[in-house]
Amino acid sequence: MICTKDFKDKCDIMEFGFEEYEGSEARIFRASDKKGESCLIRVQDISGNESKFDKEAKILEKVNGLGIMPKMIKYWKCNGQGFIVVKDWCYGAKKCITFQEIWKNFDKLSLKEKEKILDKILELFKKLHKAGIVHGDVHFDNILCRDGQFALIDFGKAEYMTSENRRDLMLKDIYNLAVYFDNEKGIGRELWTKKVNEYFKDFLSY
């Protein structure tokens with residue numbers, strides 16, 4: 001049973017809409033606020049594991065507003081359930097897809113177009129890593145594209161970096177992109193290596 005009354009009281013929701021998606025750990029619902037703006041509600045069972053939800057919510061709070069992810073409106077817990085409400089990043093876009101859809105026709109793009117996409121994605125990770133956070137679950141379903149702009153989603157495995165582990169954790173994030181870019185369908189080994197070296201040189205000089 002979802003705490004819809006509690007939800008409406010806390011978030012000024014006018015309409016609690018249909019279920020958009022059901023995953024292994026959470027359900028996503030569409031809703032709209034009193035201004036008529038679209039938002040998404042992630043609802044998950046956190047009974048027995050509230051600390052994991054609290055950690056993710058605090059991480060989202062830290063990176064909120066950096067242009068990395070859809071803007072988080074609010075989060076809270078109710079009767080063993082965790083709620084995270086975000087603006088619907090895709091609302092009003094001409095086209096909003098995951099990177100998986102881009103990847104299907106990636107080999108048809110020019111090298112310049114591919115490089116531009118990679119630069120935009122690396123910029124997201126640069127902001128995230130400079131905030132002291134690693135994503136931890138980088139794959140094409142967790143990268144959204146809206147009218148040429150990109151955003152990261154699903155921070156359930158995100159971690160705080162320390163001076164001891166930051167390089168290893170950053171490497172894991174960045175090299176999870178290698179499956180898409182470090183090959184002939186992507187940008188090729190030479191350019192990929194150059195991009196990664198530039199990324200770490202820039203970050204470590206920060």
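General observations
- A Förster radius of 35 Å, combined with the Cβ-Cβ distance separating residue 95 from residue 50, puts the computed FRET efficiency at roughly 0.40.
- Taking chymotrypsin sites (Phe, Trp or Tyr not before Pro) across the stretch 45-135, the ones in a DSSP loop with at most 15 further Cβ atoms lying within 10 angstrom of their Cβ are 91.
- For residue 179 and residue 32, the FRET efficiency from 1/(1 + (r/R0)^6), where r spans their Cβ atoms and R0 equals 35 Å, is about 0.40.
- Partners for residue 77 among lysines (Cα-Cα distance below 18 Å; same-chain residues under 8 apart left out): 5, 8, 10, 52, 55, 58
- If R0 equals 30 Å, the separation of the Cβ atoms of residue 62 and residue 141 corresponds to a calculated FRET efficiency of about 0.85.
- Out-of-range pairs (alpha-carbon distance over 21 Å; input 120/195; 114/194; 94/172; 120/185): 94/172
- Around residue 199: net Lys/Arg minus Asp/Glu count, Cβ-Cβ under 14 Å: +3
- Inter-probe distance in nm under a simple model that places probes 7 Å from Cα toward Cβ, at residue 165 and residue 76: 3.2 nm
- For the stretch 35-52, 3J(HN,Hα) computed residue by residue from phi via the Karplus equation (6.51, -1.76, 1.60; θ = phi - 60°) reads 8, x, 7, 7, 9, 10, 10, 9, 10, 9, 6, 10, 4, x, 8, 5, 5, 5 Hz, glycine and proline entered as x.
- Longest exposed-site-free window of the chain, the sites being trypsin sites (Lys or Arg not before Pro) in a DSSP loop that have at most 11 other C-beta atoms within 10 Å: 96-206
No value in this document is a laboratory result; all are computed from the given coordinates. Predicted model only: the values in this text are computed from it and were never measured. Note that we place each Cβ from the backbone using ideal geometry, even for glycine, and neighbour counts take in every protein chain shown.
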